[in-house]
1. Add +1 for every Lys or Arg and -1 for every Asp or Glu among the other residues with Cβ under 12 Å from the Cβ of Asp269, and state the total.
2. Which one, Gly109, Gly293, Ala235, projects farthest toward the positive side of the charge dipole computed for the chain from Cβ point charges (K/R +1, D/E -1)?
3. Relative contact order of the chain, please, whole-number percent, based on alpha carbon pairs below 8 angstrom and at least 6 residues apart.
4. Suppose R0 equals 41 Å. What FRET efficiency, 1/(1 + (r/R0)^6) with r the Cβ-Cβ distance, do His307 and Ala92 give to the nearest 0.05?
5. Suppose we keep just the DSSP beta bridges with both residues in the chain; what percent of those would be antiparallel, to 5?
6. Would you mind checking the tilt of helix 10-30 against the longest principal axis of the Cα atoms of the chain, expressed as 0 to 90 degrees and rounded to 10?
7. As I understand it, the dipole of region 208-314 uses +1 on the Cβ of Lys and Arg and -1 on the Cβ of Asp and Glu, about the Cα centre. Which of Val279, Val216, Leu313 lies farthest toward its positive end?
8. Taking the Cα-to-Cβ direction at Asp230 and at Val348 and moving 7 Å from each Cα, how far apart do the two end points lie in nm?
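The values are calculated or read from the model by the stated rules, or taken from the named source; none is laboratory data. Note that the coordinates shown come from a computational prediction; the quantities given were computed from them, not determined experimentally. Ideal geometry is used to build each Cβ from the backbone, glycine not excepted, and the neighbour counts take in all protein chains shown. Just so you know, the surface numbers come from the protein's heavy atoms only, side chains and all, with ligands and any DNA or RNA stripped out. Shrake-Rupley method; radii C 1.70, N 1.55, O 1.52, S 1.80 Å.
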Amino acid sequence: MDVRRYAPSSRAVDWGLFAAVATLLATGVATMVTGIPSTAWVVDLHAIAGVVLVCLLPVKLWRVRRRVAPDRLTGRRVFSLLLAADAAGALATGVWWIFGGSLDLGPWGLFHLHVGLGLLVPPLLLVHLRYRFHSPASVTRHGRRDAIRYAGLLTAGALVWRLQGPVNDALDTAGADRRYTGSREEGSDAGNRFPVTSWVADDPDPVDAATWRLTVTGRVENERTYTLDDVPTDASEDAVLDCTSGWYSGHEWQGVGVGALLDAAEVDDAARWVQFRSVTGYRWSLPLEAARGALLATHVDGERLSHGHGFPLRLVAPGRRGFQWVKWVEEVSVTERRELGEWLAIFVSGL
């Protein structure tokens with residue numbers, strides 16, 4: 001059987017590869033904030049785009065195989081081969097992760113390698129397109145045929161993605177317990193014995209409990225200050241911490257409800273956001289109503305939080321990804337508008 005008869009035209013393959021990479025990048029970034037079941041489609045779309053890329057990349061490489069013969073290599077073609085190798089590496093590590101693979105790279109692992117290789121693809125692709133750009137108009141000659149073939153390809157991608165679940169279950173791999181976010185379970189119901197990770201460079205010295213203070217400020221009638229002994233520990237919440245490093249862990253968290261702190265400070269009518277700030281300067285905001293349902297934890301599964309997990313106080317925000325669960329909290333600030341600089345702060349706070 002001649003597979004080429006069923007493949008899209010060469011220009012359609014090029015634009016298909018571009019669309020798949022763009023979808024992978026967009027959905028990969030979006031998975032950072034995919035924390036509730038209703039957003040699981042983002043992860044599904046990411047996986048389907050990956051399957052499409054798996055199908056199209058070999059077709060592309062087969063069609064250009066004569067151009068990359070040793071005696072015809074140029075600097076641009078070597079660069080294109082580098083792009084293909086990086087894309088293949090990102091795909092391979094993603095598939096390996098799905099089927100329970102692991103890799104010890106010191107402070108990083110297989111999931112981090114997948115993300116790193118994936119983030120390299122867009123800049124490499126942009127440079128490649130500088131020399132190999134073709135107008136979308138060049139695809140129209142075979143438009144109807146290519147549209148049918150791509151519809152079939154997307155359908156096949158969705159079926160392959162759905163089949164990986166039963167295959168994982170049948171093989172009993174580590175990938176079988178993945179959450180809808182793609183994360184795998186580690187250390188649930190084990191107190192502080194779950195992975196210690198920090199976003200980018202956040203790694204402060206242990207907090208001195210005797211001098212630490214929690215302040216509630218901003219759009220409130222009565223600003224409040226608490227010592228560690230003042231912080232109530234009578235609220236609890238069963239919540240899953242789902243880290244963007246590729247693991248999740250379910251625990252019972254104890255501490256003080258954010259709603260109780262806001263009520264004590266008497267939030268004014270202009271308040272819309274609540275920002276949680278770490279001793280490192282790291283900070284994140286939640287909408288006011290969402291913040292009222294959050295918890296500032298002092299304990300996990302009955303144990304006082306360890307330093308690595310945010311002692312003396314960390315935010316517990318159910319339905320949100322781990323990087324939003326601010327650790328080492330020292331300030332709760334009620335605001336009218338969200339601070340846009342938060343997106344920069346989470347990358348540079350530890351520096």
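1. Once positives and negatives cancel, what remains is -2.
2. Positive-end residue among those listed: Gly109.
3. Working: 569 pairs, mean separation 57.8, N = 351.
With pairs under 8 Å counted, the relative contact order is 16 percent.
4. Working: r = 37 Å, r/R0 = 0.90.
Efficiency, rounded to the nearest 0.05: 0.65.
5. 85 percent
6. It works out to around 10 degrees.
7. Result: Val279, furthest along the dipole toward the positive end.
8. Using points 7 Å along Cα→Cβ, the separation is 3.2 nm.
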